[in-house]
Every structure is written in structure tokens, then in C-alpha cells.
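This report concerns only the one structure given below.
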Amino acid sequence: MSQRTVYDKLWDSHLVKQNEDGSALLYIDRHILHEVTSPQAFEGLRLAGRKPWRLDTNLATPDHNISTDPNERAAGVAGIPDDTSRIQVQTLDDNCDHFGIKEFKMNEMGQGIVHVMGPELGATMPGLTVVCGDSHTATHGALACLAHGIGTSEVEHVLASQCLVTKKMKNMRVTVEGVLGVGVTPKDVVLAIIAEIGTAGGNGHAIEFAGSVFRDMSIEGRMTVCNMAIEAGARVGLVAVDEKTVDYCRGRKFMPKGEMFDKAAEYWRTLISDADAVFDTEVQMNGSEIAPQVSWGTSPEMVVPVTGNIPRVEDQTDAVKQKGVERALEYMGLEGGAPISSVAVDRVFIGSCTNSRIEDMRAAASVVKGHTVSKSIKQALVVPGSQMVKEQAEAEGLDKVFIQAGLDWREPGCSMCLAMNADKLGAGEHCASTSNRNFEGRQGNGGRTHLMSPEMAAAAAITGHIVDVREFTGDQS
Amino acid sequence: MKAFTQHKGLVGPMDRANVDTDMIIPKQFLKSIKRSGFGPNLFDELRYMDEGQPGQDCSQRPVNPEFPLNLPRYRNASILLARKNFGCGSSREHAPWAMEDYGFRAVIAPSFADIFYNNCFKNGLLPVVLTEQQLDVLFTEMYADEGYQLTIDLVQQKVVRPNGESFGFEIDQFRKDCLIKGLDEIGLTLQSTQAIKDYEKTRAEQQPWVFGAIK
Ligand code: SF4
């Protein structure tokens, strides 16, 4: 057999049927559901008189529009103030109960942002196909599985048939060699990649992240990177299996145990790209040259190193780019040519499926420890990605560090990442955010997002403006 | 699903790159548990001057007079001209639902985000990929000609301009067939029930840990 990439192997092992017209029937091992993209799918099942094909494959949890306020959360689903949000969460509970689907309900241990929950519970395993009605499903690829977002019609399709009708993607490899500098995180690496290849750079491709930078990275860090493959245009991002992958999997709730685990691990270790495997597209970058990154505009490719300046319209090469930069500067209320570190922030958001794992909590806490949030900051939210992350962080006393520094410690959920609940930006407000999207209005109507790492967002909370975490001393200026 | 064979209609512009799904349908409308009724909130933030909320009567809201699709000349447009990477961002199918509910039957752009592109086909909305140059031609003609219409012929895979000239486009055979016949994809897949069961059997023998994990 010819040399294959990890993606090729995952594809081949899930192929039920290859059709002559180029489409294929792909088997889906794991399906994760949440309240926003599932109600219409369940309704479709009901209308057609269909049942889920298999139950032991689905896992559900509410995350997108639940409250993160501890008091509101304590009141349960009935305590969700917004009527439409409450109905949606209730509908997920009802649907899961009705169809017998395993769900971690809002305040149950296990609940969390879908992409934090799946891996930490061991529902996501190497070698699986994982889908969810959410584009950041690419996150799970950090465990060398084939994971991608699907639309609601496909949610229904997978529920009903355990398969997707799909087409094979092209292979892309992004290799980052070298060693990351101090203060440079997985988030900076992926932002730098997106700045390099653009938001459409990965369209039609499955990206494999390779090279020493990813080998040296923790599994949590790899998740941060794979999470944002979609911001680079790719539905799939993944990293090959190594011993870190196997170690991460061991002992998790839904993982195989004992001998079965060893047998599984033996197979997982084959999930690496063969030495001569051919990639349709190759990108190479030097990790040693990456500085902490910050987005200045309204698309995830509008990113500069924190030491850099905001781009100017006149420096853009073509008319479409000029228009884009002009519009973004206007929306962001920024001056082209000014240093990005001069930008004052109003709110800080540390959370989202990109950066709300235990490592992110630790990193942010280590920066704010012993300091106080700047008076100019209206709100600094820390939202752990799941109940398990929250519990672990509290066991380590991180919640106290945040609270003492003046940040809010919240209940798990998507929160200000997309502002479907009460956590949102006001018009014109700038936010130092660890989330993944800086589109217009993403964090609230008229809100202005600056994407960055948890360390950088934590430092911005203390200084009140964007600051290079490598030079951060805690002095307020 | 609505079948699509050929469509002739008024053309409207969305003349910017990287239009994301949040721009197409802002997140507050995702709280609906229905599939329909998103049309009045299509491009909500660009289209209205106030912040839209679910359940509002949109006919009472202040519209943005500068947003092209609000101009009388584009009212009832059913074909949208767009720029590169249209539909990027989230996987929300609410985006094509909103476009379809508004009255669009097709979008023409130089490129689409993968998930959005895929979602269009499930909802009788045809995404057509033409080159940047071809789009420049269509945009120019549209701006110059009030009441500009195009004909999109899916069977022949071409976009026919008012002068009779046409641009051909590529499309997957499977997607094309489903759209032309308005097929129920799930029903189609379930015709392969035996193949799926056979696959499961083999896989369970080789990788038993994959099954029975979630309980
Ligand atoms: S945290 Fe943000 S990006 Fe992640 S699933 Fe939730 S809303 Fe989507």
C-alpha cells in the first residue's frame, strides 16, 4: 500500500462505501451534541419517525447559552433568565431523555464546553471519527482522530444512520520546527499560522500539525492549535499519536481499561504519517521566530506580533485588501501605524474551547498572582471550560488567585466567546480575549475583540492595555 | 428539500470578502428551536440600525439606508453576488436557512467556507463558484444595470448573463443530483443499511473498544 498520512489512515478505516460520483459514506464513531444546533435535528428525526442508529456513540451537554453566573446557575434550568435560551437548554434535556442519549446536564459533573468535555472524559479517542454541530470540533484532532464540525442536517443524518455523506479532503501539513521562546504559547503559534496562510488557506484540506514545536507541546496545547484550524479555513486539524497522546488517554472515564487499553494503544501508535506520505500542500515555519500574537482587526488573519504596529491602509498591496483593512480599522476604532500595545482594553475574557483548560487557568493565574486588575477594566471574566476544569482549578486554589486579583470566577460554558448569554461586550468596547473569533459583533454588538493567549489576556487585565507578557512586571500604566 | 434545476432572478450584492456566518445570522437568533423564520434577520447587524432581538417585529425597526440589499432596486433579489471565503466562521445551518427564508436561491462567490458550502446543499440553496475575474464582471454589470437578472442553470452548470453569454461552473455529481431531484439524503443513506451493519461488525472485531463506550 502506498504511503499514507494520518488523515488518509483515518479516512480509510472509516469508509463504509465509496460511490462512483466521488462521494463516500463515512462511518462516525462519536457524536457530540449541544443545545444550539441539535433541536431541529431531533425534530427532523421525530417527523420522519426515525430513531438514533446507536446510543453508545452520542454524548450531549449544554454549553453555548447557559449562564455562567454562579447564582443563576444554582437555580438550575429554570434560573436561565432569557426565555429563548431556557427553552433551548430544556429542549436538549427533553430530547436526550426522550431518545435515551447520554447527557451531562447543566450543573452535573462532566458538563462543559463540548470540545473541552469530549477529550477530558475520554469520549474522544485516537483513531475515531468525531463530529459535532460546531465548527471547532477540529479541537479533538489533537488526539489524532478525524474530527470536524457539521451542520444541523448532518447532525440529523448522523443520528439516523451513524454515517456522513462526504468527500475526502486534501492533505496539508504545517510544520513548525524550532523551540518556542519564553512567553510564547500554542495560541501564538496558531495565530501566527493563520496570519501566514490566511483564513481561507486551509479550505478543502485536513491540516496535520507537525514538527518539534508540536511534539514538545502538551496535549492541551495541541488542542488549542487544532481548535483554530477552522480559522485557517480547514475543517480538520490534527496531530499524530505519540506517547503523550497515549498517556493523556490513560484512565479517563470512557476510555478502555486494562488489557483493552493496551490493545487500543498499540493500534493508536500506528496513527502517524508514513515517512514518504505525500501532502497536497506543505507549509513550513520557524517556531523560534514566533512572538506573542494579538489580533487587531475583524478576521482571525488580522494578527500582528505584540511588538508590531497596526497595519495601515496605504501599505496594502491590492484594492480588496485595502478595503478590508480600512473597514476593520474603522470598526475597531483604531489608527493604522500605531503600536498594538498602545490599545486600551475595557474587558478581559479568559475562556472558550480554545483556552479554558486547566493549563490555561494555571498560566493566567501565574500572571495575575499578587497583582490587581487595572481600575480602567470594567470586567475580567475567567470561565473554566468544564466542571472538571473548575474542580481541578479550585483544588489548586486558582480561583482564589483570580478573585484576589479582582477577576470574576465563573461557571463553565461558552460565555463571552460568542455572547449568547449575558456575558457580552458593549458597543465600542475592546476586549482582550482568549477565544478564537474576532468577527464584527462576535462578543456583543459593536464589541471589539483582540485575540491572544491566556498569559497575554491576564497581563492586559492588570495593565489595562495590550502588553507584551514578556515585559510584564505588573506595574500599571 | 426544494429541488433546484434552473433559476432566473434579480441579483443583489454582498460586496465584501470573508462574510462570516455571524454576519449572515447573528448568534442571538440561534436560540430558536425552529428551522424557519430567520429571513427577516438575515444580515441583521448590517441591515438594521438597532440591535435585533429574537421575536421582534422587524417591519417596525429602523433600517440602514446604506446597506445595499435595503435599496429598492435589490428588493426581492434571489441571487447573491459575494466575495471570497463567503460563509466562514461557525457551522450554524441557520445561515443557509436565513438566506433561503429571505428568498435567496443561489449565491455566487469566488470561494466558500467548507461547512457553509456543504450546508447550502441540504437546504436547496445553490452555492456557485466562479473566478474572481468573472465575479468582477458580474458585479460591474449588476451595478450598471438596475433590474439586473441572471439565470442559473444547474443541469447545464452555467450562469447565463443578460447578453446571453455564460460562465460554466463545477459541482460535485452527487450534490448536483440531490439538488436536482430534491432528494432526502438520510433516506438515501439508509438504503445502505446492510453495508453499515457489515462495517460495524468488522470494526467491532478489530477495535472492540470503539463500541459501547458511552453509557
Ligand atoms: S467556546 Fe466559543 S467557539 Fe467554542 S464551542 Fe463555545 S461558542 Fe463555539
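So which of A:D318, A:D280, A:D262 ends up being more than 21 Å from the chain's Cα centre (by Cα), away from the ligand (no atom under 16 Å from the Cβ) and within 21 Å of A:L143 (Cβ to Cβ)?
Of the residues listed, the single one that is more than 21 Å from the chain's Cα centre (by Cα), away from the ligand (no atom under 16 Å from the Cβ) and within 21 Å of A:L143 (Cβ to Cβ) is A:D262.
Return yes when B:I33 is among the β-branched types (V, I, T), open to solvent by 20 Å² or more (accessible area, probe 1.4 Å) and facing chain A (nearest Cβ under 8 Å) and no when it is not.
Working: among the β-branched types (V, I, T): yes; open to solvent by 20 Å² or more (accessible area, probe 1.4 Å): yes; facing chain A (nearest Cβ under 8 Å): yes.
So B:I33 passes the test.
Look at (1) at negative phi; (2) within 12 Å of the ligand (Cβ to nearest atom); (3) more than 10 Å from chain B (Cβ to nearest Cβ) and you find that A:E455 fails only one, number (2). Taken together, the criteria exclude A:K375 from residues that are within 14 Å of chain B (Cβ to nearest Cβ) and either in contact (Cβ under 8 Å) with a residue 40 or more places away in the chain or within 16 Å of the ligand (Cβ to nearest atom) (or both). In the set (1) part of a loop (DSSP other than H, G, I, E, B); (2) under 30 Å from A:V174 (Cβ atoms); (3) not charged (D, E, K, R), A:H115 fails one condition alone, (1). If the condition is being part of a helix (DSSP H, G or I) and either at pLDDT below 95 or within 13 Å of chain A (Cβ to nearest Cβ) (or both), then segment B:70-97 contributes B:H94, B:A95, B:P96, B:W97.
When segment A:242-272 is filtered for residues that are within 30 Å of B:A113 (Cβ to Cβ) and open to solvent by less than 10 Å² (accessible area, probe 1.4 Å), the ones remaining, listed by number, are A:T245, A:L271.
With the structure loaded, tell me whether B:L42 is closer than 16 Å to A:Q40 by Cβ and open to solvent by less than 40 Å² (accessible area, probe 1.4 Å) or whether it fails that test.
Details: closer than 16 Å to A:Q40 by Cβ: no; open to solvent by less than 40 Å² (accessible area, probe 1.4 Å): yes.
Against the criterion (closer than 16 Å to A:Q40 by Cβ and open to solvent by less than 40 Å² (accessible area, probe 1.4 Å)), B:L42 does not qualify.
Residues of segment A:206-227 that are more than 16 Å from the ligand (Cβ to nearest atom), of a type outside the set (D, E) and either more than 15 Å from A:E120 (Cα to Cα) or open to solvent by 10 Å² or more (accessible area, probe 1.4 Å) (or both): A:A206, A:I207, A:F209, A:A210, A:G211, A:S212, A:V213, A:F214, A:R215, A:M217, A:S218.
Applying the condition of being part of a loop (DSSP other than H, G, I, E, B) and away from the ligand (no atom under 13 Å from the Cβ) to segment A:127-152 and asking which residue is farthest from A:C226 (Cα to Cα) yields A:G151.
Only a single criterion out of (1) touching an Asp or Glu at 6+ places or on another chain (Cβ under 6 Å); (2) not assigned by TED's automatic domain parsing to the domain that holds B:L150 is not satisfied by B:M1, namely (1).
Taken over segment A:195-205, residues that are in contact with a Lys or Arg (Cβ under 8 Å, 6 or more places away or on another chain) and either among the aromatic types (F, W, Y) or open to solvent by 30 Å² or more (accessible area, probe 1.4 Å) (or both) amount to 1.
Checked against the criterion of being within 16 Å of the ligand (Cβ to nearest atom) and open to solvent by less than 10 Å² (accessible area, probe 1.4 Å), the candidates A:V155, A:V189 yield just one match: A:V155.
Scoring A:S38 on the criteria (1) farther than 26 Å from B:F174 by Cα; (2) within 11 Å of another protein chain (Cβ to nearest Cβ); (3) crowded, with 24+ Cβ neighbours inside 10 Å leaves a single failure, condition (1). Scanning segment A:386-399 for any residue that is buried (at least 24 other Cβ atoms within 10 Å of the Cβ) and in contact with a Phe, Trp or Tyr (Cβ under 7 Å, 6 or more places away or on another chain) turns up nothing. In summary, A:Y331 fulfils each of the numbered conditions (1) among the hydroxyl-bearing types (S, T, Y); (2) farther than 16 Å from A:M456 by Cα; (3) in a loop (DSSP other than H, G, I, E, B) with the single exception of condition (3).
If you go through segment A:412-440 and keep only what is away from the ligand (no atom under 14 Å from the Cβ) and in contact with a helix residue (DSSP H, G or I) (Cβ under 6 Å, 6 or more places away or on another chain), you end up with A:A432, A:E440.
The residue of segment B:105-149 that is farthest from the other protein chains (Cβ to nearest Cβ), among those that are assigned to a helix (DSSP H, G or I), among the aliphatic types (A, V, I, L, M) and surrounded by fewer than 20 Cβ atoms within 10 Å (Cβ to Cβ), is B:A144. Summed over segment A:70-102, residues that are away from the ligand (no atom under 16 Å from the Cβ) and surrounded by 20 or more Cβ atoms within 10 Å (Cβ to Cβ) total 4.
Out of A:G211, A:G178, A:G183, report the one residue that is away from chain B (no Cβ under 14 Å) and within 14 Å of A:R222 (Cα to Cα).
After ruling out the rest, the residue left standing is A:G211.
Which ones in segment A:111-126 are in contact with a helix residue (DSSP H, G or I) (Cβ under 6 Å, 6 or more places away or on another chain) and more than 16 Å from the ligand (Cβ to nearest atom)? Result: A:P126, single match.
The values are calculated or read from the model by the stated rules, or taken from the named source; none is laboratory data. None of the values given here were measured: they were computed from a predicted structure. Note that we place each Cβ from the backbone using ideal geometry, even for glycine, and neighbour counts take in every protein chain shown. When the accessible area is computed, the model is the full protein with side chains, heavy atoms only, and any ligands, DNA or RNA have been set aside. Shrake-Rupley method; radii C 1.70, N 1.55, O 1.52, S 1.80 Å.
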